[in-house]
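Participant: Sending over a structure as structure tokens; questions will come in a sec.
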4 protein chains.
Amino acid sequence: MIRAGIVGGTGYTGVELLRILVLHPQVEVSVVTSRADAGMRVDQLYPSLRGCCDVTFSLPELDNLKDCDVVFFATPNGTAMLMAEALLALGVKVIDLSADFRIKDQQEWEKWYGMQHNSPDLIAEAVYGLPEVNREQIKQARLIACPGCYPTAVQLGFLPLLEAGAIDEQHLIADVKSGVSGAGRKAEISSLMSEAGESFKAYAVSGHRHLPEIRQGLQNVARQAVGLTFVPHLTPMIRGIHATLYGRLNRKLDLQRVFEEKYREERFVDVLPSGSHADTRNVRGSNRCQIAVHQPQCGDTVVILSVIDNLVKGASGQAVQNMNLMFGLPEYLSLETVALYP
Amino acid sequence: MIRAGIVGGTGYTGVELLRILVLHPQVEVSVVTSRADAGMRVDQLYPSLRGCCDVTFSLPELDNLKDCDVVFFATPNGTAMLMAEALLALGVKVIDLSADFRIKDQQEWEKWYGMQHNSPDLIAEAVYGLPEVNREQIKQARLIACPGCYPTAVQLGFLPLLEAGAIDEQHLIADVKSGVSGAGRKAEISSLMSEAGESFKAYAVSGHRHLPEIRQGLQNVARQAVGLTFVPHLTPMIRGIHATLYGRLNRKLDLQRVFEEKYREERFVDVLPSGSHADTRNVRGSNRCQIAVHQPQCGDTVVILSVIDNLVKGASGQAVQNMNLMFGLPEYLSLETVALYP
Amino acid sequence: MIRAGIVGGTGYTGVELLRILVLHPQVEVSVVTSRADAGMRVDQLYPSLRGCCDVTFSLPELDNLKDCDVVFFATPNGTAMLMAEALLALGVKVIDLSADFRIKDQQEWEKWYGMQHNSPDLIAEAVYGLPEVNREQIKQARLIACPGCYPTAVQLGFLPLLEAGAIDEQHLIADVKSGVSGAGRKAEISSLMSEAGESFKAYAVSGHRHLPEIRQGLQNVARQAVGLTFVPHLTPMIRGIHATLYGRLNRKLDLQRVFEEKYREERFVDVLPSGSHADTRNVRGSNRCQIAVHQPQCGDTVVILSVIDNLVKGASGQAVQNMNLMFGLPEYLSLETVALYP
Amino acid sequence: MIRAGIVGGTGYTGVELLRILVLHPQVEVSVVTSRADAGMRVDQLYPSLRGCCDVTFSLPELDNLKDCDVVFFATPNGTAMLMAEALLALGVKVIDLSADFRIKDQQEWEKWYGMQHNSPDLIAEAVYGLPEVNREQIKQARLIACPGCYPTAVQLGFLPLLEAGAIDEQHLIADVKSGVSGAGRKAEISSLMSEAGESFKAYAVSGHRHLPEIRQGLQNVARQAVGLTFVPHLTPMIRGIHATLYGRLNRKLDLQRVFEEKYREERFVDVLPSGSHADTRNVRGSNRCQIAVHQPQCGDTVVILSVIDNLVKGASGQAVQNMNLMFGLPEYLSLETVALYP
């Protein structure tokens, strides 16, 4: 059994990790930390876990984590970078769901995240945990930087056409809509149901932290600089991301076939039949990305629809997918749940 | 492997049966019928099932179902009673999620359901599929009448006190709130999001079909006639039932202990710690009933809060729980999913 | 023109007062205070008011309010009692939307609100601002204690039968459901959309602050002590309260007629036709209470359904209705808006 | 008093017309028709109108409408074109909220709407009822074609830059999100709360009927053909449209100033301060369009955010605005309601 620890177990990605891991046949969750709630049973805070989880929150200290085989960081940005080095030195694998190791350019990271990076040496080592791109490196990795939720949906949607060199990489548009759980379990007025319910808005149009991450990922595939306009929106639902992606085609090609071939072997990326529309409800609670591709009025603009559950394929599910790869397990273990529809 | 058939696979209880059964280690779903959609692949109608379900809808005819070991009816009322006898004669077990066999008094059934019963002989044989009450009969049964969603939440909440003879059984009140999926996948104006969203209302106050079913169940336990006021409400969410139950205590007793002892061995009924409130989100997608019991201001009125997911413990999950019992399998097989929170 | 001031203009009852008052033909909103946002334009915080409101938040100091004809307190409990006396001394009328002057028994108030009352002398003078009960006193009042949202819906529903002496006043049950705006514009985790959306729960079953207020109001009408079980619930919508009220009839009477006669002259209480169900969407944004009365299966239990918009008839609309009465204006001025359906 | 008739009073635009018109100081709603509900009181179907509307649904026949001064068509497409000519001949002004007279090219109309146009002569006469573009023609018109909801939000957003010739008119993108009331009050499975709630999807990506309407409007301003990709989405709320518009700038200019100058005199178009994001809740129930303009990272892509309430500025409010203009009344009469926030 793999002994897993979760640092920051009180947020939504933390409890989602627990939802998945308590049913994982090869994992025992042995430590869940919370600075604020140390000493409280996890299932007191999260009654959905009653009967499945006997753990009590402990303090996020090295001593509590040192016997783990793997530690997940479901923490705000800036925490994993303080502890990763010590854990790795003890032979503990680290899977970071925060942004600490996602961006290879340290200065870029410091600019967008507004703090100094504490562990710059590890940035280079960290493997970006998007299995559909980096599967082999992930298998060998000690330290994984799990992609953000927006970046997962956007990259999986754009990659096939960038790889094929079929779109103008200078003018990509990603109009992306997220459910409110993406904002985390934080007491903020803007996330109140009275504010976010029954309403729709864009935010951070001038620049969102996921922009450099997406750009980096697209550039790695396009092998050149890309121009991207990324507009995130808040939509009045709890879970789900819907990315509507626009690109200008530079030649004629069978779009449906490009996508189907790219993802034929991928268990968690599902290319919908031609003419379909992707719907976030069909991936709610599942680790799957569903993608549809359109060429309206046979013009030169391609429209790609890419949906995920932001807490699963966009966070905790993908983290477990990475863990499975790192430990030589079947990639899909504990991730086969069917979406909760309706 | 148990070969299972689903008659009426296009409604919400049908697709929910599929969600649970496609992951069941001992079941192969071999037939799913739909009169309207025969010939279409199931996963074309329900993209959430892509990759998990290769079945094509067939017509609801005996010939298509005769090789099944068990057939679930996820149909409108009045359908199962037409086919059950023939299936049983072929040795096929029948689990009916509709109301056809729930009420033992045929006249009462005909009054509330507005049709003649076609198969009165089977009414007596049918076992009411509430495992917490009828577990042993279920194990022996050929024909199960699965409880309705409201009746499940209300009965599990009232039973401990009725068994204990601790409340005035003449003046029970069940104020129950349901999510909109309880109305089924039917094109009705009252279930439109523009109507049912952002609004709350009671309905059928003068008399709802679940009233005689609940009364019958409570009377079986109380061993006398009970007086029940049952008011169902529609609440703007998709899944979940919250029953708020009121009774007048006729003596002093340790309420928390009565409930805990009653359900100590039950895997799917979870008595929350004293002082808790039950929340439907904590059972969303799970087969669990969570119950809290209160005695406000130490008065003589007891308040019981009982929550379930109407499509799982209130319908398809309970149906699979019954199937597991009927086939001698562990009762919880394929039903251990943790609730999808948030 | 009446010069109106609003103390505590940044919460939901404050902005709702503004929504109503900026269109009031006899009112000029001259002061809106906010300790935190003093100096900011009101319409910067609330863009819905752009073009209708030129006011800038000022500090909640006497000097800023002394030229008002009336001051509304849309503040947390414990604020109005600190300023009311000084304002009244200056000849300013005071309408308090908080709970400071609602409960006549000072000790009871202090027990439920957990603080000492600072202005006990005014408790006796304050008129409870439920116009359907106290219209004449309101017209003469200097100081109004506006009813809470739950108490408004519950009292209007129970009053006709208590006045008629037709129900057992010792065993009243009020099962009440509120939208989340009732919790106010406060950064609290329990009010996040990810928590309160798609879920339903009871809270404060052991005792809610509105219990003594409701009990006091019912007792005034019943002219004796009443026994009340009050269970508030949180329902996943923004606006609206639905009270489902239960009482035991002590004699036969024409329920529909009792209600219609009681409220015949009331512009803001609408008794629905016999057999109707009340729906919160039909009063959304309006100052109206809609009531339906049922006697299921002709038994001895009466069920009353009473709906309001918690921010209008349950708070700011009722406050303006009181103001209209105090200043000798038509009671309905600026309150005739039709509900926003759908 | 203007005698107004509404043909098709049972849909959402019909009841929204009633909400606005029953409070209009210069209008008496004398006729409301419904083929299905003729003979029923309007406020029986819509209890929100109780006390404000004494009208009974009548049949949609000329004889019932001939004494009106103006008739609104809140009907499905294909109805207004059958009756408009006869009404105009009787001197009745006609305001059509459906699509019958929106598109000047008859063949284009017939292609997108799948029927033959019955009244081609009137197409030329009809004035497209977007006051911000056609105010003077509207004042003189007998027949108004009210814009669709998507076209209103998109045109108001793009017009300033197309007029200024500042964007590449060959590659416009309109990514637009609508609440579910846009689908109307029709019993359709896709509009059920269980389907449309808690989910987000694009639809009609290959071509939506509003595409030719938007293109025609933009071309009139650009004075040349435009290339437009229009992707509509369904968002889980009842009211509201949020258009996110993308264009490529062909020169440097002060975007904020262009928008502010264009709409300085417009009462119902509100350009938000630089750096703002538009939020549909701030126009809920109001006749206003709020617009924000951004130039992310100072690149060559402009992002315009434009929000309306689809039933008000996107339909019935705009229809009344047109009526006010046609009858020489102040344009804003009965349209000054402040948005219902929260």
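Quick note: the coordinates plus some simple rules give every number you see, no bench work behind them. Quick caveat, the model's predicted, so the values are computed rather than measured. Here the Cβ is made from the backbone with ideal geometry for all residues, glycine too, and neighbour counts use every protein chain on show.
Participant: Using mean Cβ contacts within 10 Å as the protection proxy, how do D:281-292, D:48-59 order, highest first?
Facilitator: D:281-292, D:48-59
Participant: Suppose every Lys and Arg Cβ carries +1 and every Asp and Glu Cβ carries -1, with no other charges. What dipole size does the protein assembly as shown come out with about its Cα centre, to the nearest 20 debye? Intermediate results must be reported in sequence, preceding the final value.
Facilitator: Values: 128 positive and 152 negative charges, 0 e Å.
I would put it at about 0 debye.
Participant: Just the Cα atoms of chain D: what Rg and Dmax do they give in Å?
Facilitator: Cα radius of gyration and Dmax of chain D are 19.5, 61 Å respectively.
Participant: Which chain C residue comes nearest the axis with its C-beta when you rotate C onto B, and by how many angstrom?
Facilitator: Per the Cβ-to-axis criterion, the result reads C:Asp175, 2.
Participant: With the dipole of chain B worked out from charges on the C-beta (+1 for Lys and Arg, -1 for Asp and Glu) around the Cα centre, which of B:Val258, B:Leu21, B:Phe200 lies farthest toward the positive end?
Facilitator: The listed residue farthest towards the positive side: B:Phe200.
Participant: Determine the shielding of peptide D:182-193 by partner chains: average, over its residues, the number of Cβ atoms on other chains within 10 angstrom of each Cβ. Before the final figure, lay out each step's value.
Facilitator: Working: counts 1, 3, 2, 5, 4, 7, 4, 6, 2, 7, 16, 18.
Partner Cβ neighbours, averaged per residue: 6.
Participant: Let me ask another. Separation of the stretch B:243-278 and the stretch C:78-120 by C-alpha centroid, Å?
Facilitator: Cα centroid of the stretch B:243-278 versus Cα centroid of the stretch C:78-120: 40 Å apart.
Participant: For peptide A:279-286, compute the average count of partner chain beta-carbon atoms within 10 Å of each residue's beta-carbon. Let's see the in-between values first.
Facilitator: Numbers: counts 10, 5, 12, 7, 3, 5, 7, 2.
For peptide A:279-286, the averaged partner shielding equals 6.
Participant: Just list whichever of B:Lys177/C:Lys104; B:Lys104/C:Lys252; B:Lys111/B:Lys177; A:Lys201/D:Lys93; A:Lys111/A:Lys186; B:Lys104/C:Lys177 have alpha carbons separated by over 30 Å in the model shown. Write out the running numbers ahead of the final one.
Facilitator: Details: B:Lys177/C:Lys104 35 Å; B:Lys104/C:Lys252 33 Å; B:Lys111/B:Lys177 25 Å; A:Lys201/D:Lys93 38 Å; A:Lys111/A:Lys186 23 Å; B:Lys104/C:Lys177 35 Å.
Those over the limit are B:Lys177/C:Lys104; B:Lys104/C:Lys252; A:Lys201/D:Lys93; B:Lys104/C:Lys177.
Participant: Please report the base-10 log of the normalised intensity I(q)/I(0) for the stretch A:2-125, using a Debye sum with one equal scatterer per alpha carbon and no solvent, at each q in 0.18, 0.21 (1/Å).
Facilitator: Log10 of I(q)/I(0), two decimals: -0.91, -1.15.
Participant: Oh, and also: Sort D:253-264, B:159-170, C:171-182, C:207-218 for me by packing, meaning the mean count of neighbouring Cβ atoms within 10 Å per residue, highest on top.
Facilitator: My ranking of the peptides, most packed first, is C:171-182, C:207-218, B:159-170, D:253-264.
Participant: List the pair-distance distribution P(r) of the protein assembly as shown, using every Cα-Cα distance, as the percent of pairs falling in each 10 Å bin from 0 up to the bin containing the longest distance, rounded to whole percents.
Facilitator: 2, 9, 16, 21, 22, 18, 10, 3, 0, 0
Participant: Put a label point 7 Å from Cα along the Cβ direction on B:Gly165, then list its distances to the equivalent points in the other copies in nm, shortest first.
Facilitator: Result for B:Gly165, in nm, nearest copy first: 3.8, 8.8, 9.6.
Participant: With Cβ to Cβ distances under 15 Å as the rule, what net charge do the other residues near D:Glu195 carry (K, R +1; D, E -1)?
Facilitator: Here the count lands on 0.
Participant: OK, next. Work out, in µm²/s and without decimals, the Stokes-Einstein translational diffusion coefficient of the stretch C:243-311 at 37 °C, 0.692 mPa s, Rh from Kirkwood over C-alpha pairs. Display every interim value, and only then the final one.
Facilitator: Numbers: Rh = 12.6 Å.
Answer, rounded: 261 µm²/s.
Participant: I would also like to ask the following. Taking each label point as 7 Å beyond Cα in the direction of the beta carbon, state the distances from C:Gly328 to the same residue in the other copies, shortest first, in nm.
Facilitator: Copy-to-copy label distances at C:Gly328, shortest first: 3.9, 9.1, 9.3 nm.
Participant: Once the other residues with Cβ under 14 Å from the Cβ of A:Gly14 are scored (Lys, Arg +1; Asp, Glu -1), what is the net sum?
Facilitator: Local charge sum for A:Gly14: 0.
Participant: So which aspartates and glutamates pass the test for A:Lys66, namely a Cα distance under 18 Å, with those fewer than 8 places away in the same chain ruled out?
Facilitator: Counting by Cα, and skipping residues close in sequence, A:Lys66 has these aspartates and glutamates nearby: A:Glu28, A:Glu85, A:Asp96.
Participant: Shifting gears a bit: Under a Cβ-Cβ cut-off of 13 Å, what is the net charge of the residues other than A:Ala164 that fall near it, where Lys and Arg count +1 and Asp and Glu count -1?
Facilitator: Net charge in that neighbourhood comes out at -1.
Participant: Let me ask you something else. Can you tell me the dipole magnitude for the stretch B:160-205 around its Cα centre, using point charges on the Cβ only (Lys, Arg +1; Asp, Glu -1), in Debye to the nearest 20?
Facilitator: 300
Participant: Could I ask something else about it? Report, for C:Leu45, each distance to the same residue's label point in the other copies, shortest first and in nm; define the point 7 Å along Cα→Cβ.
Facilitator: Nearest first, the other copies' label points are 3.2, 4.3, 5.3 nm away.
Participant: In addition: What dipole magnitude, in Debye to the nearest 20, does the stretch B:2-125 give about its Cα centre under +1 on Lys/Arg Cβ and -1 on Asp/Glu Cβ?
Facilitator: Details: 10 positive and 17 negative charges, 68 e Å.
Using only the charged Cβ atoms, the result is roughly 320 debye.
Participant: Evaluate peptide B:166-178: per residue, the Cβ atoms of other protein chains within 10 Å of its Cβ; return the mean as an integer.
Facilitator: Working: counts 0, 0, 0, 0, 1, 6, 1, 7, 0, 9, 1, 9, 1.
Other-chain Cβ atoms within 10 Å of each residue's Cβ, averaged: 3.
Participant: By per-residue mean of other Cβ atoms within 10 Å, what is the highest-first order of C:66-74, A:76-84?
Facilitator: On the way: C:66-74: 23.6, A:76-84: 20.2.
Packing proxy ranking, top to bottom: C:66-74, A:76-84.
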